[in-house]
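Derivation of every value follows stated rules applied to the coordinates shown; laboratory data play no part. None of these values were measured; they are calculated from a predicted model. Counting neighbours? That spans all protein chains shown, and the Cβs are built from the backbone with ideal geometry, glycine included.
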Amino acid sequence: MTSRIAPSADVDDRATIGDGSSVWHLAQIREHAVLGENCVVGRGAYVGTGVTMGDNCKIQNYALVYEPASLEDGVFIGPAVVLTNDYFPRAVTPDGTPKSGHDWEPVGVTLKEGCSLGARSVCVAPVTVGRWATVAAGAVVTKDVPDFALVAGVPARRIKWVGRAGVPLLEVGNGEWKCPSTGEMYIEIDGRLRPAAEDMEEN
């Protein structure tokens, strides 16, 4: 299996594109970026220098993934999402001269396995979005998002729990939650959620 790169895409020769991955029209993949297998980078999307992506990730049209972002397997980034990399952005230094790459240190966004970022959401680095969490469309993430959390708003706050299927969970009592789509059970302890199956594996 080979990768598929549209003729109008700009993919640096030093980037690594995994088998089965697709880079669509007008997308830009910078030097030393690493895409895993079966990834999709949509039209006009940008993947910065040294960004790392696991397998089966999807970056939708016109999303901006600035270095040094790190994506684990199965991450979804919706249309026009922005992952920032400068906590104190300025075009110039205090003396008025243009800032160069030596005048600031990039900070990254970390996206854990299976999480999803809705259209036009923004992650203000440095933040981590947890496993299978969902960021609602238009949300602005300014602090870490727990595993399986659904966050929304500006700034983003948790409003529900979601399962691996992305569907909001139903509370069944005693700290237990159930996915109405898959039937999978989850346990909430001290404001954190985890699949019940993980507890059984540890015991």
Those lysines that a straight Cα-Cα span of less than 24 Å connects to residue 58, excepting residues fewer than 8 apart in one chain:
112, 143, 160
So what's Rg/Rh here for region 104-185, counting alpha carbon atoms and using the Kirkwood radius for Rh?
1.03
Given Cβ point charges of +1 (Lys, Arg) and -1 (Asp, Glu) and nothing else, what value in debye, to the nearest 20, does the dipole of the chain about its Cα centre take?
820
Compute the normalised compactness of the chain: alpha-carbon radius of gyration over 2.2 N^0.38 Å, N being the residue count.
1.11
What does region 16-126 give for Rg and for Dmax, in Å, if only its C-alpha atoms count?
14.2, 49
Nearest-5 percent of antiparallel DSSP beta bridges in the chain?
30
Reported to two decimal places, what Rg/Rh ratio describes region 82-146 when computed on Cα atoms with Rh from the Kirkwood expression?
1.10
In nm, the gap between the two label points placed 7 Å beyond Cα toward Cβ at residue 12 and residue 174 is 5.5
Farthest towards the positive end of the dipole of the chain, among 16, 139, 114 and with Cβ unit charges of +1 on Lys and Arg and -1 on Asp and Glu, lies the Cα of 139
What longest range of the chain stays clear of loop-exposed chymotrypsin sites (Phe, Trp or Tyr not before Pro) (DSSP non-H/G/I/E/B, at most 16 other C-beta within 10 angstrom)?
105-203
Whole-Hz ³J(HN,Hα) for each residue in region 165-174, computed from phi via Karplus 6.51 cos²θ - 1.76 cosθ + 1.60 with θ = phi - 60°, x for glycine and proline: what do you get?
6, x, 8, x, 7, 9, 6, 10, x, 6
